[in-house]
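The values are calculated or read from the model by the stated rules, or taken from the named source; none is laboratory data. Keep in mind that what you see is a predicted model, and the values were worked out from it rather than measured. With ideal geometry, Cβ positions are generated from the backbone for all residues, glycine too; neighbour counts draw on all protein chains shown. To get the accessible areas, we keep the full protein, side chains included, count just its heavy atoms, and leave off ligands, DNA and RNA. Shrake-Rupley method; radii C 1.70, N 1.55, O 1.52, S 1.80 Å.
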Amino acid sequence: MECSGPRAVVTLSLGERPFTRVTRPLLELFATKLGAVLHVVQSPQHPSLAPHYTRLKSKMRFLKVPVLEYFLLRYARVLYLDDDVIISPAMGDLFASVSCGALGAVVERHKPQAWHAMHWRAACQLYRLDVCAPKQWHLFNSGVMLLSRAVHLAPLRGWLREQLECRVLCDQLYFNAVVKRDHLHLHDLGASFNFVGSELRRTLVANLSGSSPDLEADRAARRVALHHACVLHLTRKVPKLYTADWVVQRALHSRDVLQCSSNASWPRGRWRKHLLSLMPSLKGKYDIEKEMCDRQSSSCKLLPWVSARSFGT
């Protein structure tokens, strides 16, 4: 299978997105390391969106579908990342980790099977899948996807004939349905490539009084997972700008989070100084404990390992 050719890193970022002041320099560094071209789609007038925007204006959660089609027509391989994804400064060549015959994405194994089954029933109904096994299937997250023109362009080009309908997960259901319908191979990147915002809060704060062996073991496991993570997906569960800044500062200074242990490739030379020069100056403008504990119980507080070496405050 022919997969040689130019590679692109693509993100879709419409409207006011203050947290991209933190996330975008990391994307630029990552694309540069890989020799890939970074594309940030920031306007409905972008050629990937302009021909379809009127049709999809009421279905904004599907905009990444024509964006992916557009770039797969122009690049051999495309890595799509949501704009609220934080790439570890140490992240290596993800393209080399996934066969060009597979779609690379992260299966949401942190969700219970009942959650997967509920959404698979909706996907099967919406996209008329001949075979449906919601109690056995798992959804992958569409915020991090690695695709190839040779395999994935043709299935995605059928989107214009679909009656796209949003039921909570929107484009995520569509991409999962396409993979099942066309019997495409899915390469599960693993949880370290999509550490989610809700898990981050649970990793950093204590909401319960007292202690127990099970609780301490769970906290330790989450801390280890955050240390080894390559990608943090902020999602809607945390305040994005300050959380992103705190995570990046910890990754660069303490090096106890987002170290991408399984895929690490730290840039050489003056990369750290250059990266820090691109970051917004947010030190002293927030308290990470207040950010993490906003609207939480009164017992919410940072765990000792977090507050002992806190940055940005």
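Worth a mention:
- Cα gyration tensor, the stretch 42-85 - rounded (a/c under 1.5), prolate or oblate: oblate
- For the stretch 110-261, a simple Cβ point-charge model (Lys and Arg +1, Asp and Glu -1, everything else neutral) yields a dipole of about 240 debye relative to the Cα centre.
- Each Cα pair under 8 Å and six or more residues apart adds its sequence gap; the mean of these over the residue count of the stretch 127-228 is a relative contact order of 30 percent.
- R0 of 45 Å, Cβ-Cβ distance Ser299-Arg74: FRET efficiency to nearest 0.05: 0.30
- Dipole magnitude for the chain: computed about the Cα centre from +1 point charges on Lys and Arg Cβ and -1 point charges on Asp and Glu Cβ, it is near 420 debye.
- The GluC sites (Glu not before Pro) found in the stretch 89-171 that occupy coil by DSSP, while having at most 16 further C-beta atoms within 10 Å, are Glu162, Glu165.
- Residues of the chain: accessible area per residue with a 1.4 Å probe, Å²: 46
- Neighbours of Leu153, meaning other residues whose beta-carbon lies under 12 angstrom from its beta-carbon, give a summed charge of +2 when Lys and Arg score +1 and Asp and Glu score -1.
- Legend: calculated FRET efficiency, Lys59 to His253, from the Cβ-Cβ distance at R0 = 45 Å, rounded to 0.05, equals 0.60.
- Taking each of Lys111/Lys301; Lys240/Lys285; Lys111/Lys135; Lys59/Lys111; Lys240/Lys290; Lys59/Lys135 in turn, the alpha-carbon distance tops 18 angstrom for Lys111/Lys301; Lys59/Lys111; Lys59/Lys135.
- Cβ-Cβ FRET estimate between Ser277 and Val131, R0 fixed at 41 Å, reported to 0.05: 0.20
- Here the simple spin-label model places points 7 Å from the Cα toward Cβ, and for Asp93 and Glu162 these points are separated by 3.2 nm.
- Where only DSSP H runs of four or more residues are counted, the chain gives -11000 deg cm²/dmol as its mean residue ellipticity at 222 nm, each run worth -39500 (n - 2.57).
- Gaussian network model of the chain, Cα within-10 Å springs - most flexible of Ala220, Ala244, Ala177: Ala220
- Identified option (computed Rg/Rh (Cα atoms, Kirkwood Rh); candidates [x] 0.99; [y] 0.92; [z] 0.97): [z]
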